[in-house]
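*Asks:* Here you go, one structure.
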Amino acid sequence: MFVKKSKVLVMATSHIYKAQLPLNVLKELRLKNSGIGAILLKHNVATFRRIRKIGYNNQSSSVFRIYEILHNGNVLAQVNETFITK
């Protein structure tokens, strides 16, 4: 049997502000079966991404971006993504 090794393309962390989320979204997030973007889409929560920073890390040879997910002017989450380039 041949097993292909998977390669990590992006690593992400998020800080979710639960006081700003609808209860049904919060319940589904706690199940940890889907990401926040998919859950917000499923529940028809209109959001906007505000990019806070984009850059390149020389030490790790990676590109990163930090953004906020907003709904009705309130920050629902802050997401930090690192894209692996090697």
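*Asks:* How far apart, in nm, are the 7 Å Cα→Cβ label points at M11 and V63?
*Replies:* The modelled label-to-label distance comes out at 1.8 nm.
*Asks:* Further, regarding this structure: Can you give me the % of accessible surface on the chain that is carbon or sulfur? Probe 1.4 Å, all protein chains present, nothing else counted.
*Replies:* Accessible surface attributable to carbon and sulfur in the chain totals 55 percent.
*Asks:* Sort Y17, Y67, Y56 by heavy-atom solvent-accessible area, probe 1.4 angstrom, most to least.
*Replies:* In descending accessible area the options line up as Y56, Y17, Y67.
*Asks:* So, R0 is 22 Å and r is the distance between the beta-carbons of K42 and T85; what FRET efficiency does that work out to, to 0.05?
*Replies:* Values: r = 32 Å, r/R0 = 1.44.
The computed FRET efficiency comes out at 0.10.
*Asks:* To continue, here is another question. Work through the residues other than I54 whose Cβ is under 15 Å from its Cβ and net out their charges, Lys, Arg +1 and Asp, Glu -1.
*Replies:* After counting each charged neighbour, the total is +3.
*Asks:* Could I have the simple spin-label model distance between R52 and L31, label points 7 Å from Cα toward Cβ, reported in nm to one decimal?
*Replies:* 2.9 nm
*Asks:* Per residue, how much accessible area does the chain have with a 1.4 Å probe, in Å²?
*Replies:* That works out to 78 Å² for each residue.
*Asks:* Moving on. Based only on the alpha carbon positions, what is the Kirkwood hydrodynamic radius of the chain, in angstrom? Intermediate values should be presented prior to the final figure.
*Replies:* Working: mean 1/r = 0.0686 Å⁻¹.
Across the chain, the inverse of the average 1/r is 14.6 Å.
*Asks:* Quick check: with the 1.4 Å probe, what order do I39, I84 take by accessible area, largest first? Numbers along the way, then the final one.
*Replies:* Numbers: I39 0, I84 65 Å².
These residues rank, largest area first, as I84, I39.
*Asks:* Helix-only mean residue ellipticity at 222 nm, the chain, DSSP H runs n ≥ 4 weighted -39,500 (n - 2.57), per residue, nearest 500. What is it?
*Replies:* -5000 deg cm²/dmol
The values are calculated or read from the model by the stated rules, or taken from the named source; none is laboratory data. Since the model is a prediction, treat every value here as computed from it, not as a measurement. Note that we place each Cβ from the backbone using ideal geometry, even for glycine, and neighbour counts take in every protein chain shown. Protein only, heavy atoms only, side chains kept; ligands, DNA and RNA dropped before computing areas. Shrake-Rupley method; radii C 1.70, N 1.55, O 1.52, S 1.80 Å.
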